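Here, each number is a calculation from the coordinates, and none is a lab measurement. For clarity, every value in this text was computed on a predicted model and none was experimentally measured. Every residue, glycine as well, gets a Cβ built from its backbone with ideal geometry; the counts of neighbours run over all protein chains shown.
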Amino acid sequence: MPQLTEWSELPLAGAMAPGDAVQPVTGGWRTAGRPVTHLSSCVNCLLCWLYCPDSAIVLDGTTFAGIDYDFCKGCALCVEVCPVEALSMEPEDGA
Amino acid sequence: MSTVESRLLTGGEAVAHALCQIQPDVVPVYPITPQTPIIQTFSSLVADGAAHTEIVNVESEHSAMSAAIGAALAGARTATATSSQGLALMAEVVYIAASMRAPLTMAVGNRALSGPINIHCDHSDSMLVRDSGVVQLFAENAQEAYDLMVMAPRIAEHPAVSLPVLVCQDGFTITHAAEPVCMLEDAEVRAFVGEYRPALRSLLATESPASHGPFAMPDYYFEFRRAQAAALEAAAEVIAGVADDFASLAGRANHGVEPYRLDGAETVLIALGSTAGTVKDVIDELREDGERTGLLKIRSFRPFPAQAVRELAGGARHVVVLDRADSPGGAPPLAADVAFALADCDATLRSHVYGLGGRDLHPEAIRQIFHGVAPRYVGVRGEPCPV
């Protein structure tokens, strides 16, 4: 649903249909840098996509296509599981 | 009106019979003194086939309220009951039930909170969930406990309210004391409460699934709380309407406040629960002596009937508030609400705390309270009223 302008627009108890929630952008929670991709090394194993706890790995069909920084919380699991160093943690201002 | 003859029932039994007539689909409950007679009596009635209710013997009051939320939101008319430490253990989930707008009902046998551990009446347990966003109605006697329990589902399930409704009765003084109680016929109660039609779509409606109890950060939490405040405000009007309908059916009025001999009253006492009955007797005696005293009994503590308090007590010379709960270091809860309601009135305000842990409040002490000579803590050792 779109952002509400008045409290009275809130559905009763905030109960809502699937996918209808106002999504808070949680990327701002990162405190220790962000994962950065090196696509030339990627073998498209999609381990990062499987492990990401925030569904922040973006695919193009079944091909790795990058990271959604609006929702990546910077946990670095993707960097940890990547077998080919196609991901690394970098400072926020260096990306 | 076709009430059957009165029966000799304790307040606990009266509420159990009301529940049996309402026939909730689910009652998750855990026993605790002095609530136990409610669920004990109700369980016997269900075992005898008088109601189709599924009683869930949960392992704690925290679980009782958790199960009650699930049942109420799944589409089952749901009730539970508790007291004191049970309500304290449940408190976390009471807030969630209110936020999830679960339209369930709960019978409360008011009992002092530990410590020290005690089993007798005061209102500290109710006050612990004062700000949770639930409706709280206080009965003066077993008859009112029965009446308010029959009214409760209609209030809880009204689409503008959709909140838990607590029907509070003083532990032992009402829960365990037998009085004549006029019950309605089973069919009358069933017709009065009607079918369960919750305003929220059912958790089990798989054709239109919904998320309940969402996460709300600083960007939306405040809006949830504001909506709850509006539901409590709406509840005041709903309670009035349900009380009107109940009065037409039963011939007994149970509105948010009950004025007693307020005509020309110079001193108005405000109280909750069974003490109101003793106060009425004292007022009758004082009036015979020409003392212009009156009582404003609060049935609906939440929502608090601030406007009625202002209209009915604001013109008195003195307003005296009796709290059966303390707020150490601050204003007792009922006194705080009355003070807020009367902020623009000329009446002087006095506040007394009485009856903690089941200490009796005798008519003589109430006379002294009216006469302005009682200490702030009435009936405690070491602070006697001057004779």
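Just a few scattered comments:
- Overall form of chain A per C-alpha gyration tensor (a/c, 1.5; a/b vs b/c): prolate
- Of B:His17, B:His362, B:His176, the sequence from fewest to most neighbouring Cβ atoms within 10 angstrom is B:His362, B:His176, B:His17.
- DSSP-defined antiparallel bridges as percent of all bridges, the stretch B:7-250, nearest 5: 15
- Here's the picture: a label point sits 7 Å out from the Cα of B:Ala47 along the beta-carbon direction, and within the stretch B:69-90 the residues with their amide nitrogen under 20 Å of it are B:80-82.
- Working from the Cα coordinates of the protein assembly as shown, the gyration tensor eigenvalues give, after taking √(5λ), semi-axes of 52, 27, 20 Å in decreasing order.
- For residues of A:13-25, the mean tally of beta carbons on other chains within 10 Å: 6
- Peptide B:279-292 shows a mean partner chain C-beta count of 0 within 10 Å per residue C-beta.
- Computed over the stretch B:120-193, Cα set: Rg, Dmax in Å: 13.5, 36
- Relative contact order for chain B, counting Cα pairs under 8 Å that sit 6 or more residues apart, in percent: 16
- Reciprocal of mean inverse Cα separation for chain B (Kirkwood radius, Å): 21.1
- Sequence-distant contacts, meaning Cα pairs under 8 Å at least 6 residues apart, place the relative contact order of the stretch A:7-94 at 38 percent.
- Scoring B:340-350, B:246-256, A:18-28 by mean Cβ neighbours within 10 Å over their residues and listing the highest first yields B:246-256, B:340-350, A:18-28.
- Protection proxy ranking, peptides B:323-329, B:135-141, average beta carbon neighbours within 10 Å, highest first: B:135-141, B:323-329
- Extension gain, B:Asp360 to B:Ser202: 0.36 nm times the residue separation minus the Cα-Cα distance gives 52.2 nm.
- Per-residue ellipticity at 222 nm, computed for the protein assembly as shown from helices alone with -39500 (n - 2.57) per DSSP H run of at least four residues, works out to -10500 deg cm²/dmol.
- B:Glu185/B:Tyr377 FRET efficiency (R0 51 Å; Cβ-Cβ; nearest 0.05): 0.65
- Cα-based shape type of the stretch A:1-50, given that a ≥ b ≥ c are square roots of the gyration tensor eigenvalues and the cut on a/c is 1.5: prolate
- Taking a ≥ b ≥ c as the square roots of the eigenvalues of the Cα gyration tensor, the stretch B:289-387 is classed as oblate, since a/c reaches at least 1.5 and a/b does not exceed b/c.
- Cα centroid separation, the stretch B:3-69 to the stretch B:118-180: 14 Å.
- Globularity index of the stretch B:1-52 is 1.17 (Cα radius of gyration / 2.2 N^0.38 Å, N = number of residues).
- Binning the alpha carbon pair distances of the stretch B:76-185 at 10 angstrom intervals from zero yields the distribution 16, 46, 31, 7, 0, expressed in whole percent.
- Local electrostatic count at B:Gly273 - Lys and Arg +1, Asp and Glu -1, tallied over other residues with Cβ under 13 Å: -2
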